[in-house]
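The values are calculated or read from the model by the stated rules, or taken from the named source; none is laboratory data. Not measured: the values here are computed from a predicted model. Note: ideal-geometry Cβ built from the backbone for every residue, glycine included; neighbour counts use all protein chains shown.
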Amino acid sequence: MRLEDVRSPQDIKGLSMEEMEGLARQIRETLVNTVAERGGHLASNLGVVELTLAIHRVFDMPRDRLVFDVGHQSYVHKLITGRYWRFHSLRSFGGISGFPKRGESEYDVFETGHASTAISAALGLARARDILGEDRNVVCVVGDGAMTGGMCYEALNDAGTSGTRLIVILNDNEMSISENVGALSRHLTDLRVSKGWTSTKKAVKSRLSKIPVVGKPIYRFIHLTKSMIKSAVIPEGFFTSLGFTYFGPIDGHQQASLEHTLRQAKNLDGPVVIHVLTQKGHGYDKAEQQPERFHGIPPFYVETGNAREQSRLPSFGQVMAEELVQLAQRDEHITAITAAMASGTGLDRFGRECPRRLIDVGIAEEHAVTLAAGMAAGGLRPYVAIYATFFQRAYDQLIHDVAMQRLPVVFLLDRAGLVGEDGATHHGVFDLAMALPVPGLTVLAPRDLQELRLMLRWTPQAEGPVLIRYGRKSTDLQARYPIRRFQPGRWEVLEAGEDCALLAVGSMVTTAVEVRDLLRRAGIRAAVVNCSTVKPLDTALLTAFADRPIFTLEEHVLTGGFGSAVTEALLADEMPPPRITFGLPDTFVQHGSRTQLLRYLGLRPEQLVRRIQAVLHTGEEADHG
């Protein structure tokens, strides 16, 4: 069967195993070619082809419900649920998302993007089914990486004690597949899921229990012996102790075996865990050899696996790691913490140079922050590198465990602002609104790579917690505006101008310079200020510019952001607020290239110039957004 003819999962249910193998090959070819053009998550999707096909052949979606943890492995699901003909638009502006989207298809029943949420969501769907008296299966696919997140264990504990009918598929792509273990586990799984085994077990327990004195001890001995033998070859004890029936490990690339196990699992009432072993990047040699690199990758050449475009500048993460290594070599108290993102944040280099001082806690941001608090209380200087969007999970820990104790923890928030094609779940646009209200927290945003270096060199002397946010796209303003020192709480005037003042944060400093150049051609002299310390504000400099129209620029939501803080400060001193605060409106911004999204939001330089000119020429009242 041709992949382009698959309009829904119903179209694949009657195919033979040989036809399914051919379909799997077509899917892998489509995945590789599309991600090579669009970028995206490749290795994880190549690893779940057979598993996704098996789920859709065994279950009746969308009447049955399927939830993906994180969701970056949902491409195969999209291809066979009527989106093949739109798949070429993957992650592009106006195209289909790289994650499940409820508005995109009835088959996407729950939106995901952050890890460790699927079991909770699936349990919620199962409980809704039970309360409403519906008859449907609920399945969730959870990666072994997501299982490092504490939320998974909260959900497992709840699901196990509830006895609710739920199927959790643990997609384990780190373990090798052993034929001996696989054969034994399949045999034991067949025994456990068969009605004969279940009824026999009940009969034996019932009859032994009726034998006076020795009956119950004999049953307990048999049960204990069986459990010891099985736990020696299968890691099921944890799940069974929580109340789950455990199947596996199952070879995740054996279609028939997967379908057989899934069908048998449907016969059980109560929660089930199916342990599936898969290979990341399966079917594309470049991704098999470098699964971490091909986890999330920009457009690349299929033949070589090399990226199509190479940035001329290092990333903020690379520069951060270089500087942090130098600091650590001079100070043995400096340590680094990552939440399963050593490579993404640049800390893999720190790990190579200072292996004993890099701690990877897995997908556990809350733990990472409180761990850092404990390490700081113990005399260390921890640096915690997390994507801005994932830092949202650790807000309570930031406030109670770090800031309230004024501990010297430095938070390095990568991917702050619009990240582009990953979309709403990954834009780092709420961090300032989170951080600015926290007492004693210094909040910084470098204009470029050199200012980040200078900020990091200052941090070892900070007396309390510090948060530094920087974007995905690196910038370098050194040639035009050399910077040699950084002083917290002091802003940098890049350009003088008496007609208005552009107060910009982080990535928007470069935009403000471009706006200033365009305004100058129109005869308007605008001052440009690099507001690299977002908290505390440089109130002295802010007051100095209050005699002219002020415009603030930030790549962040307006509510609770930099513009809001400036407005509050000016009004508190009975001075006019900014004429316009430029930033993101009250909406979840979807996916697309950063340039496209900035244009869509009206934040490109030429768009900003038109609005500023309108205000200056007409005396329009303040416009926040």
*Just one of Gly602, Gly592 is surrounded by fewer than 19 Cβ atoms within 10 Å (Cβ to Cβ) and on the phi > 0 side of the Ramachandran plot; which is it?*
Gly602
*Looking at (1) out of contact with any strand residue (DSSP E or B) (no Cβ under 7 Å at 6 or more places or on another chain); (2) over 25 Å from Ile297 (Cβ atoms), which is the only condition Ile334 fails?*
(1)
_Residues within the range 320-341 that are part of a helix (DSSP H, G or I) and buried (at least 22 other Cβ atoms within 10 Å of the Cβ), tallied_ = 3
*Working carefully through the options Gly583, Gly602, find the one that is part of a loop (DSSP other than H, G, I, E, B), within 30 Å of the chain's Cα centre (by Cα) and either under 18 Å from Ala504 (Cβ atoms) or assigned by TED's automatic domain parsing to the domain that holds Ile96 (or both).*
Gly602
*Of the residues in the range 559-580, how many are of a type outside the set (Phe, Trp, Tyr) and either assigned by TED's automatic domain parsing to the domain that holds Ala445 or part of a helix (DSSP H, G or I) (or both)?*
10
*For Ser74, indicate whether it is in the same structural domain as Leu123 (by TED's automatic domain parsing), under 27 Å from Tyr301 (Cβ atoms), in contact with a strand residue (DSSP E or B) (Cβ under 9 Å, 6 or more places away or on another chain) and of a type in the set (Gly, Ala, Ser).*
yes
_Test of understanding: among Arg516, Arg480, Arg485, which residue is within 30 Å of Thr618 (Cβ to Cβ), out of contact with any Cys (no Cβ under 6 Å at 6 or more places or on another chain), free of Cβ contacts under 8 Å to residues at least 40 places away in the same chain and not hydroxyl-bearing (Ser, Thr, Tyr)?_
Arg516
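For every residue, the table says whether it meets (1) more than 26 Å from Asn171 (Cα to Cα); (2) assigned to a helix (DSSP H, G or I); (3) assigned by TED's automatic domain parsing to the domain that holds Gln26; (4) modelled with pLDDT under 65.
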position: Ser206; (1), (2), (3), (4): yes, yes, yes, yes
position: Tyr219; (1), (2), (3), (4): yes, yes, yes, yes
position: Lys230; (1), (2), (3), (4): no, yes, yes, yes
position: Pro249; (1), (2), (3), (4): no, no, yes, no
position: Ala256; (1), (2), (3), (4): no, yes, yes, no
position: Glu259; (1), (2), (3), (4): no, yes, yes, no
position: Val273; (1), (2), (3), (4): no, no, yes, no
*Kindly indicate the residue of the range 160-180 that is over 24 Å from the mean Cα position of the chain (by Cα) and aliphatic (A, V, I, L, M) and also modelled with the lowest pLDDT among those meeting that condition.*
Ile177
*Would you confirm whether any residue within the range 455-462 is closer than 17 Å to Val509 by Cβ, at pLDDT 95 or above and of a type in the set (Phe, Trp, Tyr)?*
no
*asked:* Kindly evaluate Ala569 against the criterion of being more than 35 Å from the chain's Cα centre (by Cα), among the hydrophobic types (A, V, I, L, M, F, W, C) and over 30 Å from Arg38 (Cα atoms).
replied: no
*asked:* Restricting to the range 49-82, and then to whatever is under 19 Å from the mean Cα position of the chain (by Cα) and part of a loop (DSSP other than H, G, I, E, B), can you tell me which residue is nearest to Val139 (Cα to Cα)?
replied: Asp69
_Out of the residues in the range 109-164 meeting the condition of being outside any loop (DSSP other than H, G, I, E, B) and basic (Lys, Arg), tell me which one is farthest from His427 (Cα to Cα)._
Arg129
*Quick one: is Val534 of a type in the set (Val, Ile, Thr) and part of a helix (DSSP H, G or I)?*
no
*Can you confirm whether the range 547-557 contains a residue that is surrounded by fewer than 21 Cβ atoms within 10 Å (Cβ to Cβ), in contact with a Gly (Cβ under 9 Å, 6 or more places away or on another chain), under 18 Å from Glu606 (Cα atoms) and not assigned by TED's automatic domain parsing to the domain that holds Ala445?*
no
_Enumeration of residues in the range 405-432 that are in contact (Cβ under 8 Å) with a residue 60 or more places away in the chain, assigned to a strand (DSSP E or B) and more than 15 Å from the chain's Cα centre (by Cα)_ = Leu412
